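Student: Take this structure first; my questions come after.
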Amino acid sequence: MGVKLGLEAKLYYNAVDFSGTFAEIKSVKDLTLNVEAGEADASTRGNNGWRATLATLKDGSIEFEMIWDTADAAFTAIRTAFFDGTGVGFAIMDGDIADTGSQGLKAAMVITNFSRNEPLEEAITVSVTAKPTYSDNPPEWMVV
């Protein structure tokens with residue numbers, strides 16, 4: 001079956017140069033993977049009155065919420081990357097990274113948002129936004 005539930009998806013992190021093994025971030029709650037392309041107008045008089053568009057540079061980001069757990073190695077790596085201005089390698093997969101058929105975006109990213117949420121009757125969480133950064137490893141759509 002090709003349909004998957006959000007709870008089957010997994011977020012992994014690694015060194016920004018992907019030199020280590022990907023480790024799953026288990027404390028993630030909700031996650032959104034945003035992928036889109038810029039647009040260039042290619043309209044001509046010969047296009048029968050229709051605007052023509054070409055896709056240009058791709059843009060991507062991930063936004064996720066995770067439990068504020070200072071003993072969690074993934075939390076510490078993401079917090080450190082934010083405050084040091086360094087990158088993190090991420091794989092945003094629709095299943096286990098070792099399972100044939102799993103797919104998602106693999107990219108070296110920089111953390112652009114690290115906001116703590118303190119709801120009265122819930123666990124403290126952190127909202128994280130990450131975007132592709134300058135790297136020897138450009139973003140790629142990975143299919144296992």
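The values are calculated or read from the model by the stated rules, or taken from the named source; none is laboratory data. Just so it is clear, the structure is predicted and the values come from calculations on it, not from any experiment. No Cβ is skipped: glycine too gets one built from the backbone with ideal geometry, and neighbour counts run over all protein chains shown.
Student: Quick one: in region 26-60, of everything that is touching a residue at least 60 places away in the same chain (Cβ under 8 Å) and of a type in the set (A, V, I, L, M), which residue is surrounded by the fewest Cβ atoms within 10 Å (Cβ to Cβ)?
Tutor: 35
Student: Checking residue 95 against (1) surrounded by 13 or more Cβ atoms within 10 Å (Cβ to Cβ); (2) under 17 Å from residue 15 (Cβ atoms); (3) in contact (Cβ under 8 Å) with a residue 40 or more places away in the chain: exactly one of these is not met. Which one?
Tutor: So the condition that residue 95 fails would be (2).
Student: Residue 75 passes all but one of (1) at pLDDT 95 or above; (2) within 14 Å of residue 14 (Cβ to Cβ); (3) of a type in the set (A, V, I, L, M, F, W, C); which number fails?
Tutor: (2)
Student: Search region 122-144 for residues that are surrounded by 14 or more Cβ atoms within 10 Å (Cβ to Cβ) and pair each with any residue that is at pLDDT 95 or above and part of a loop (DSSP other than H, G, I, E, B) when their beta-carbon atoms are under 6 Å apart and the residues are at least 6 apart or on different chains.
Tutor: From residues that are surrounded by 14 or more Cβ atoms within 10 Å (Cβ to Cβ), the pairs are 125/68; 126/68; 132/139.
Student: Could you list, in sequence order, the residues of region 1-44 that are modelled with pLDDT of 95 or more, over 19 Å from residue 98 (Cα atoms), outside any strand (DSSP E or B) and not polar (S, T, N, Q)?
Tutor: The one that is modelled with pLDDT of 95 or more, over 19 Å from residue 98 (Cα atoms), outside any strand (DSSP E or B) and not polar (S, T, N, Q): 42.
Student: Determine if region 94-108 includes at least one residue that is of a type in the set (Ser, Thr, Tyr) and modelled with pLDDT of 95 or more.
Tutor: Looking through region 94-108, none of the residues is of a type in the set (Ser, Thr, Tyr) and modelled with pLDDT of 95 or more.
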